[in-house]
Structure formats: C-alpha cells, structure tokens
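The values are calculated or read from the model by the stated rules, or taken from the named source; none is laboratory data. Computed from a prediction, not measured in an experiment: that's the story for all the values here. Neighbour counts run over all protein chains shown; Cβ positions are idealised from the backbone, glycine included. Just so you know, the surface numbers come from the protein's heavy atoms only, side chains and all, with ligands and any DNA or RNA stripped out. Shrake-Rupley method; radii C 1.70, N 1.55, O 1.52, S 1.80 Å.
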Amino acid sequence: MLKKLIGMVLAVVLITSIFAGCGAQKEGAQKEGSDNVQKEVTLNYWAYWLWSGIKGDEKDGQPEDWHKYVLNKFTESNPKIKVNFEMIPWAGGPEKVNVAIASKTQPDVLIDSENRVKGYAARGATLAVDEFFTKEEIDGYIDKGWDSGKYAVDGKHYFVPFGFADTYLVINKTIFDEAGATNLLPNNELNTWTFDEFKTALKAVSKNGIYGFGLTAKNEQGDSNNFSFLFGFGARTFSPDLSKIVLNSPEGVKGMEFLLSLVEEKLTAPNPETQADLNELFTQKKLAIIGGAPSTEDTINADLKNGKIQGPFELARAMYPNLPGKDPVGFSNNVGVAVFKSGDADREAAAVKLAKYFGSAEIEKTIAAGGFVPFVKSAVKDAIGGSAGLKYAADTYKFMVDPGFGKLGYAEVRAAFYPELQAVFIKTKTPQQALDDFVKIATEKVAKAAEKK
Amino acid sequence: MDFIKSKRFKNQFWGYFFILPGLIFFIIFVVVPLISSLFLSLYSYNSLQYKWIGFKNYIDLINDVIFHKALINTFVFVLWIVPLTMVFSLLISILILRKTEKLQSFFKASFYLSVVVSVVSISLVWNWIYNPAYGFANYLLSLIGIDPVNWLGNPKYVIASISLIVIIYSLGQPIILYTASLGALPDTYFEAAEIDGANEWQKFFKVTFPLLVPTTLYIFITTIVGAFQTFVLVHLLTGGGPNYASTTVLYLMYKTAFSYTDFGLASAMGIVLFVIVAGFSAIQFKLFSSSVEY
C-alpha cells in the first residue's frame, strides 16, 4: 500500500515537473516573442482585384501581382513590418469586411472605394489619417483629391487618397462604323452630347442582336451609371447641405423617364444587369455603349493584345448626356487606402505607414494599369502616359458630382435605389412614384443609420 | 447522485455518450447561435456598438413593406417547391424501381448528380438558359413562334423560374430515399391486396402510400425547411429583383446583416423565420406521426 502511495506521489511529481518544465519553456518563448512583437509588426492587408499583372498587359498576369510587387518594395525598405496579403472578391468582399469588423478580425489596411470606406468610418472602425499628413503632403494632391477621403459628418479624412476613375460612356466605335453611324458620335472637345443625340445614336445601332446600351439595375451598382443620367437633367441625390434626399425632384423624374424610354424603345439589353454582366456583353460586341471607366478600356485593349478578343474593336469615349448649354456631369469612383483601428499603437502606426506608401508618388506612378488617375499631382503625368482613357478621366474630373458618398447611410441609400429602378422598368410604378418611394425608404434608412451611430 | 447510481442511468449512459460529440457540435453551432440571435434581435447592433431597444426590431418588421413582400415570396417559393418536389420524386422513384438494377443505379446517380454539383455552377448554366436575349429557353420558344420571355426580369415568372431550378437540383435526395423505401416494402401486403382483388391504383393509394408515410414525412419536413431557406439562387440570379419580386426572408436577412450591418434587425428576421419553420414542423409531426406505423 505504501509502495503504491509513494509510486503515485512520484508519478504526480514527475508529471507536474514535466508540465512545469513545458510551462517555463513556453513562458520563455512567449517573452522572447513579446519582445519581437514590440520590434516587429505583422499587418493584414486586404485588397480587391484591381488589375492583372504589374503593368496590366502581361499575358500571364495575375490579379495579385501588383499588390505583391508593392508589398515587396515596402517590406524591403521596412524590414520590421511583415505583411500578410489577402485578395478579396468584389462579389461578397464588402460582406466579408463587415463580418470581419463584427468579429474583430478586420484587416489593418484595405484598398477600397470611397463609398464603402466612409461607411466603415461612420461606424468608427477606421482611423482618421489627418494627423499623419503635413500641409505640404496635402498640397501635393490635385484639387478635390485630398477631400475625397473627407467624411462629411466630422470633417476628418478617413483614407489615404489612391486614385480616381470617372465613370463615362465607353463606345465600341467599330459598331458605329459598320452601321454607318460614326457621325452620330460626339466630336467636340470633351465629347459631350445631349439626350436626344445620345438616343439617336443608340437607335442607329440597336439591331441585328446588338443593343445600343445596357443598364445596371440588378444590384447596388445601379447608382453609379444611372444617377449620371438623372444628374444630367440637373437632379442631385442630396440637398447641398446633405440634410435631405431630393432625387425625386422634377429633374430626377425626367431622368427616370428618359431611362424608361430607352427600355421601352428596346435600345438597351432587356434584363437589368450587373456591371460585370454588361462588361461581358460589351466584350462580346453585343452592346455598342456601356457605362465604364478607363479600366473598361484597359481590359478590352489587354484582351485584344492577348488575343482573347478578335478585332476590329476600336474604342471611343463620351460623357453621359446633358442638357444643352449645361456642363456635363458624371460620377467618379474614388479609391483610397483605409487604416482600421486595431487598438495596438505599433500596428496602427505601421498600417498608416503602409497606407501612405500606397499613396506615395513612387507607387501612384504605377497605378495607371488599373485605370486610375493618381491623386498625387507629381505622379499624374507619368501615370497617364499615352492612355487616352486616363487623359479623358483627368480632363473631365472637374465635372464629377458627389452623389453623397460622405453621408452617413449612403450604403443603404444606394441599396434602396435599384429596386425602384426595376419597378419603373417593369412598370409597376411610374418614375415619380418610384422616386418618391426611394426618397421615403432612403430617408428612413439614413435616419436609422444615424440612430445606430 | 442517486440518479448516477441508478440502473436507468447505467442503461442509458452509453447511448448519451455516443451522441455526445454530435450534441456538443449541435449546442455550439445551433443552440448557442440561436440564443445569441434571440438576444441580438433585442439590440441595435452595427458590429461595433450595442444598444438595447427591446422589441423595436420586431415592430420595424411588422411595419416594413419589404419584409412583408419577402415573407409572401418565401411562402410562394414553398408552395411551388414542396408539392412539386414530393410528387415528382415519388413518380420518378416508382418508374425507376421498375427498371433493371443497372438502370436503377444509372438513374439514381443521374438525379443525385445535381445534389453534389455546386449551386454556383448550376446558377451559371441557368443564367444562360434564362437570358432573355440570348438564352436557350427563349431559343426553344422561338422555334414554335412564341415571343421571348424575360424569365428572371418579370415578376410574374421569376419565382416559378427559380423554383424550377430548385426542384430539379433537389430531386436527388428524395428519389434515393423513396427508392430505398419502396424496395423495402414487404411483399405480403401486396399479395394480400391482390387476393382481395385490388387494382394498381388501389394498391398504390391503400397500401404503398400509407407504408411510405415515414419517408414522406421526413422528405416533406426537409423539403419544406429547405424551401423556407431559399437563398443562393436568389442571390446569384436575381439579387432579389425585380423590385423585390424574388426577395426571400433569408436573402433579406443576409443583405440586412452583411451588406447593411443591421445585425439586430437581421436577427429578428431570423427568429421570425425560425418560429415559422418550427411551427410548420410541429404541425407536420402532429398530423403525420399518428399514422406512422407498420
């Protein structure tokens, strides 16, 4: 019995000492690790697909190539900062970010569009970057460039401006040439045209399985191209002080009536589509004109070069139509680098450093392949190079209208628009009813977003 | 302590022991999230801040016309999907069972194939079939002189069009279950029915169908639960449109939670859906379980 007892005690002591040894070892390793953490920082960098390859025209270019190229350059000169890179998809990516914020697994740095980044700022998830910029650095941005990151509610800036891509009309000129309708395309300094001229051009090419235009009305992208038509009639989403949604103005209704007339006259593809669907139809030469951006042109040109598309496929560009004697208008997709709060000062400082690196003149010069015009003045000339699309985007940027990105609840506002657009197209509502309902729903959503804040 | 020492506990211990792993997973991944959702539905929560608002989310749902539309659409989906899946799977199973064993395996595998194929792939194919301008469905209609139909863009057709896809890809499981049950039915009942002079219809309705009630109950419940949770095809094919005509409660819940970060409201929708599905399941058990006997 005594032997058994001694044996048990020895066994307990042995097991305890083994665990204690392990524990001591682990504690030692942890201490070392903690020291390392103070010296080295690991960041999580998330990005959407922007373009394939580093320059955008490599035959075997991959969507992550450019990001990896920039990150390698960054970590070479900042060896203490390690970066984990994750590519996130456009479809489902915003939801992934939202889930990450909710589960406290958000990235440290994210490149994304203005509308979404300001939504994250509204929820208090991202850092204001004002204090990290000197006056000289801010003066280094083009007009309106620095303020593209400004959140209207508190006046602070929530991303490092990266680049902008105006939305304008991208035209398959070959289709017009073949239809003998090239003369119907605008040919003035900025390629502007009236609503009647635009419709006449669509009528000339909408035949033999080709549609003149395609409307995005299947998801939240319904705002980006369709708002430009309404803005062309003089409508705006919000009142100038952003206090009221006013898209149901007489000008807005005229814009909706115009869009409906395109559907009724069969000048558009018959189904509400996503932008990706329209790009595909355009690539297949089934649409003569789409709402696009410099990246739309870049993709077509790269596909032509790589043999994915057979020519002839000559591209041209024009502004969205506007009223005679009025300025053209459009809707710019501003992209920036956001820094998420992590509660760790070292990580946040390193994340700001990375974000500023993406927004530096050195990197801004390389973003042209993504169809973006840099926000940093000194990089614009090099970046644009010989790109007709980028030059056009740079020339027309001053005409771009803010649809209300800086307003709290804009994500809900754009989500409320496309179902009303669909209601007009399937004629369950008149343009006036649809816009009134949109304003009612969107106003409630904005109020609710303010309540949640 | 007395219970632990009792004979009853000793008899049941290993039973509980073996279901323990499943039970733990069930509690972690079903019970805990369900209770969390219940609490979350009483808060305004935007993924960073909680604010107690009581039943306001539920009141908002009562007044939300889009939620009403989603609820009605969900029921319409159920009404399309459940009866048609049940009838077709039973008919196909009966037809398959009359074939040789090799043909039976071939047909079962063919119908089951769609169950293992990704719904995303299926949706891509059907998106092409339903394309109003260049789709195969309209091409077939054009051969008999019928004008093209906007299958997914017209509120009259959109739910039926999506339901058809759901029915086709979800037939595999019920067919396997029905063929297995039909093959296992005792011959004695049919021999007795034949001696009594029953014809084929009488044999089916008086003998086969009553004997299939347990399988039918299982298929009915799983199909109805699945139909109430119609989501992926709506998400991929229509985005809930046109004008909310195909928005289901689950899709609206997903958008509300993950696109618009209103987790409280989305949780309230989830609880409402849970109550409805649980209610239906309870009624079915009550109605069918009394006649489930051999």
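General observations
- Number of the exception - B:ALA278 against (1) aliphatic (A, V, I, L, M); (2) closer than 30 Å to A:LYS427 by Cα; (3) without any contact (Cβ under 8 Å) to a residue 12 or more places away in the chain: (2)
- Residue check, A:ALA121 of a type in the set (A, V, I, L, M), out of contact with any helix residue (DSSP H, G or I) (no Cβ under 8 Å at 6 or more places or on another chain) and not in a loop (DSSP other than H, G, I, E, B): yes
- Taking the criterion of being closer than 11 Å to A:ALA368 by Cβ, touching an Asp or Glu at 6+ places or on another chain (Cβ under 9 Å) and not in a helix (DSSP H, G or I), the only residue of region A:381-400 that qualifies is A:SER387.
- Restricting attention to region B:40-53, the residues being without any contact (Cβ under 8 Å) to a residue 24 or more places away in the chain and more than 8 Å from chain A (Cβ to nearest Cβ) number 2.
- In the condition set (1) modelled with pLDDT of 80 or more; (2) more than 14 Å from every other protein chain (Cβ to nearest Cβ); (3) open to solvent by less than 40 Å² (accessible area, probe 1.4 Å), A:GLY56 is compliant with all but (1).
- Residues that are under 20 Å from B:VAL158 (Cβ atoms) and either facing chain B (nearest Cβ under 8 Å) or over 27 Å from the mean Cα position of the chain (by Cα) (or both), drawn from region A:425-436: A:PHE425, A:ILE426, A:LYS427, A:THR428, A:LYS429
- The criterion of at least 3 residues that are more than 14 Å from every other protein chain (Cβ to nearest Cβ), surrounded by fewer than 17 Cβ atoms within 10 Å (Cβ to Cβ) and of a type outside the set (Ser, Thr, Tyr) is met, among helices (runs of 4 or more DSSP H) falling completely within region A:213-311, by A:294-306.
- Meets criteria (acidic (Asp, Glu), in contact with a Ser or Thr (Cβ under 8 Å, 6 or more places away or on another chain) and farther than 23 Å from A:ASN115 by Cα) for A:ASP382: no
- Selected residue (only one of A:TRP51, A:TRP66, A:TRP90, A:TRP46 is buried (at least 18 other Cβ atoms within 10 Å of the Cβ), assigned by TED's automatic domain parsing to the domain that holds A:ALA350 and in contact with a strand residue (DSSP E or B) (Cβ under 6 Å, 6 or more places away or on another chain)): A:TRP46
- Subset tally (residues that are open to solvent by 70 Å² or more (accessible area, probe 1.4 Å) and not in a helix (DSSP H, G or I)) for region A:76-85: 4
- Residue check, A:LYS356 in a helix (DSSP H, G or I), in the same structural domain as A:ALA47 (by TED's automatic domain parsing) and open to solvent by 10 Å² or more (accessible area, probe 1.4 Å): yes
- Evaluating A:ALA152 against the criteria (1) open to solvent by 40 Å² or more (accessible area, probe 1.4 Å); (2) not in a loop (DSSP other than H, G, I, E, B) leaves one unmet condition, (2).
One line per residue, one yes/no per condition, for (1) under 26 Å from A:ALA434 (Cα atoms); (2) modelled with pLDDT of 90 or more; (3) open to solvent by 10 Å² or more (accessible area, probe 1.4 Å); (4) of a type in the set (A, V, I, L, M):
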site	(1), (2), (3), (4)
A:PHE176	no, yes, no, no
A:GLY180	no, yes, yes, no
A:LEU185	no, yes, yes, yes
A:PHE198	yes, yes, no, no
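- Taken as a whole, the condition of being among the hydrophobic types (A, V, I, L, M, F, W, C), open to solvent by 80 Å² or more (accessible area, probe 1.4 Å) and in a helix (DSSP H, G or I) does not apply to B:LEU141.
- Number of positions in region A:187-196 that are open to solvent by 30 Å² or more (accessible area, probe 1.4 Å) and within 19 Å of A:LEU267 (Cβ to Cβ): 2
- Of all residues in region B:164-185, those satisfying the criterion of being open to solvent by less than 10 Å² (accessible area, probe 1.4 Å) and over 15 Å from the mean Cα position of the chain (by Cα) are B:TYR178, B:THR179.
Results for (1) more than 14 Å from chain B (Cβ to nearest Cβ); (2) surrounded by fewer than 20 Cβ atoms within 10 Å (Cβ to Cβ); (3) closer than 25 Å to A:ALA217 by Cβ, shown as yes or no for each residue.
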| position | (1), (2), (3) |
| --- | --- |
| A:ALA388 | yes, yes, no |
| A:TYR392 | yes, no, no |
| A:PRO403 | yes, no, yes |
| A:VAL413 | no, no, yes |
| A:PHE417 | no, no, yes |
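- Pair list, Cβ < 9 Å and 6+ apart or interchain, from region A:405-425 residues that are of a type in the set (Ser, Thr, Tyr) to residues that are modelled with pLDDT under 80: A:TYR410/A:ALA449; A:TYR418/A:PRO272
- Some residue of region A:369-376 being in contact with a Leu (Cβ under 6 Å, 6 or more places away or on another chain), outside any helix (DSSP H, G or I) and not acidic (Asp, Glu): yes
- Residue in region B:44-51 that is open to solvent by 70 Å² or more (accessible area, probe 1.4 Å) and in a strand (DSSP E or B) present: yes
- Criterion (assigned to a helix (DSSP H, G or I) and open to solvent by 70 Å² or more (accessible area, probe 1.4 Å)) met by exactly one of B:LEU84, B:LEU79, B:LEU61, B:LEU90: B:LEU79
- One residue stands out in region B:144-163 among those that are in contact with a Phe, Trp or Tyr (Cβ under 6 Å, 6 or more places away or on another chain) and assigned to a loop (DSSP other than H, G, I, E, B): the one that is surrounded by the fewest Cβ atoms within 10 Å (Cβ to Cβ), namely B:TYR157.
- Top-ranked residue of region B:124-138 - restricted to ones that are within 12 Å of another protein chain (Cβ to nearest Cβ) and under 30 Å from the mean Cα position of the chain (by Cα), ranked as most open to solvent (accessible area, probe 1.4 Å): B:TRP128
- For region A:97-112, the set of residues classified as open to solvent by 10 Å² or more (accessible area, probe 1.4 Å) and more than 11 Å from chain B (Cβ to nearest Cβ) consists of A:THR105 only.
- Boolean, A:LYS440 is of a type outside the set (Phe, Trp, Tyr), surrounded by fewer than 21 Cβ atoms within 10 Å (Cβ to Cβ) and within 14 Å of another protein chain (Cβ to nearest Cβ): yes
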